[in-house]
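The structure appears below as structure tokens.
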Amino acid sequence: MKKESEKKKKARAAAITAALRARYPTAECALEYGGDPWRLLVMGRLSAQCTDARVNTVCRTLFSVYPDCNAMAEADLPTLERLVYSCGVYKVKAANIRDFSVMLRDCYAGCVPDTMEALLTLPGVGRKIANLILGDVYHKPAIVADTHCIRISCRLGLCEKRDPVHVEKTLTPLISPEESADFCHRLVWFGREICTARAPRCGECPLRAGGLCPSAHVADD
């Protein structure tokens, strides 16, 4: 099969972006953080290996106990662990969200920083969470390479490897900067509705119907 040129791939990526925008005109983060950057940071950390729905449920109680950065910085660790237990890897996650809250309080006056470099210094924060903050909070170009983004980008032939950094770096020049954050949110909704990990609904896929997906796919292993 002839390799797609970068020019054609970029044009196809633009068409995919437009098709997803038409299907999901309101691109919203699935995490219910209420516009609070610190809460999104906490929820982003808890979402690793956990569903957004579970994180939303857990955080309703969590934020009633620890409503802001200052309160979390003073959290009792065993109590915090119990509150986030059902999100999995609870000891590490609890320690991370308390420790980065201390760091934000002491080093950033309680504000979440707006650069990749600063965000990556926070305990437990990697590029995926940092890009979520940069895109949703600060409206900067950002590719959130989560499980949906990785799976669907590879199925669409936009990326070749299932490595988060590879996917982020590959999609960055393909997706318009002003569309990047919303594009990733739309992939989440599309991944839940159509391009699921197992038994993807290729027969109902608007991207395949529009000639934007190379082929039908079987379920991922």
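The values are calculated or read from the model by the stated rules, or taken from the named source; none is laboratory data. Since this is a predicted model, take the numbers as computed values, not measurements. Reconstructed Cβ throughout: ideal geometry from the backbone, glycine too, with neighbour counts over all protein chains shown.
Looking at the range 35-51, can you tell me whether even one residue there is within 30 Å of Leu156 (Cβ to Cβ), in contact with a helix residue (DSSP H, G or I) (Cβ under 8 Å, 6 or more places away or on another chain), among the basic types (Lys, Arg) and assigned to a helix (DSSP H, G or I)? Yes, because at least one residue in the range 35-51 is within 30 Å of Leu156 (Cβ to Cβ), in contact with a helix residue (DSSP H, G or I) (Cβ under 8 Å, 6 or more places away or on another chain), among the basic types (Lys, Arg) and assigned to a helix (DSSP H, G or I). From the list Ala18, Ala13, the lone residue that is closer than 24 Å to Tyr138 by Cβ, in the same structural domain as Leu174 (by TED's automatic domain parsing) and either in a helix (DSSP H, G or I) or modelled with pLDDT of 95 or more (or both) is Ala13.
Looking at Lys93, is it surrounded by 18 or more Cβ atoms within 10 Å (Cβ to Cβ) and either in the same structural domain as Ser176 (by TED's automatic domain parsing) or touching a Cys at 6+ places or on another chain (Cβ under 8 Å) (or both)? Yes. Filtering the range 112-125 to residues that are without any contact (Cβ under 8 Å) to a residue 12 or more places away in the chain and within 10 Å of Gly44 (Cβ to Cβ) leaves nothing.
Looking across the range 1-47, the residues that are farther than 30 Å from Arg105 by Cα, of a type in the set (Lys, Arg) and either in contact with a Pro (Cβ under 9 Å, 6 or more places away or on another chain) or buried (at least 20 other Cβ atoms within 10 Å of the Cβ) (or both) come down to Lys10, Arg12, Arg23.
Got at least one residue in the range 41-61 being in the same structural domain as Lys128 (by TED's automatic domain parsing), among the aliphatic types (A, V, I, L, M) and over 20 Å from Ala130 (Cβ atoms)? Taking every residue of the range 41-61 in turn, at least one turns out to be in the same structural domain as Lys128 (by TED's automatic domain parsing), among the aliphatic types (A, V, I, L, M) and over 20 Å from Ala130 (Cβ atoms).
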